[in-house]
Amino acid sequence: MQFFFEKTRAGKYDRLRVARDGGTEEIDCPKIGGIPHDMVHFAVESVMAREGYMRRVAAGERLAFRMPATIESDQMERLVEVMQADRLSQFPDAKDMIAMYRVTCEARGIRPFALAASDIAALRAEMARLARLWEATPPGGTLALSFERTN
């Protein structure tokens, strides 16, 4: 399955589209520093190879603002939040981001999975790669991504 991220010309949101079963599903993606929020999900789930929002959509769940919670998708959601904060905070030390991940999980009663500094480095590299691709996408243009990396 491919995810089609459309760069809007103005406003607070870009768009995410998926096509399947003869139809198209769309959702607004908040523009939050660099790449759209759902593209952060894509980056995190690609690197960590764990099931979160985007992998659940790829597996057939409907594209929606909310999905029923699972332990792994909740863990991934917390990591997405942390990686957005990482970018907006000018990339603090990896150990601080790992600690933030643990705190955000624990605050929501979720057991965090193990993270290493090498994971944070890989996540940052993937988000930087996607940011370069997104920056090269003109307003009104679309960037297609899939978990089978072809870009």
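Please treat every number below as a calculation from the coordinates, not as lab data. For clarity, every value in this text was computed on a predicted model and none was experimentally measured. With ideal geometry, Cβ positions are generated from the backbone for all residues, glycine too; neighbour counts draw on all protein chains shown.
Quick notes
- Here Glu61 meets each of (1) assigned to a loop (DSSP other than H, G, I, E, B); (2) in contact (Cβ under 8 Å) with a residue 60 or more places away in the chain with one exception, condition (2).
- Which listed residue, of Thr137, Thr142, is hydroxyl-bearing (Ser, Thr, Tyr), within 30 Å of Ala10 (Cβ to Cβ) and in contact with a Phe, Trp or Tyr (Cβ under 6 Å, 6 or more places away or on another chain): Thr142
- Of all residues in the range 75-130 being within 25 Å of Lys31 (Cα to Cα) and aromatic (Phe, Trp, Tyr), the one that is surrounded by the fewest Cβ atoms within 10 Å (Cβ to Cβ): Phe91
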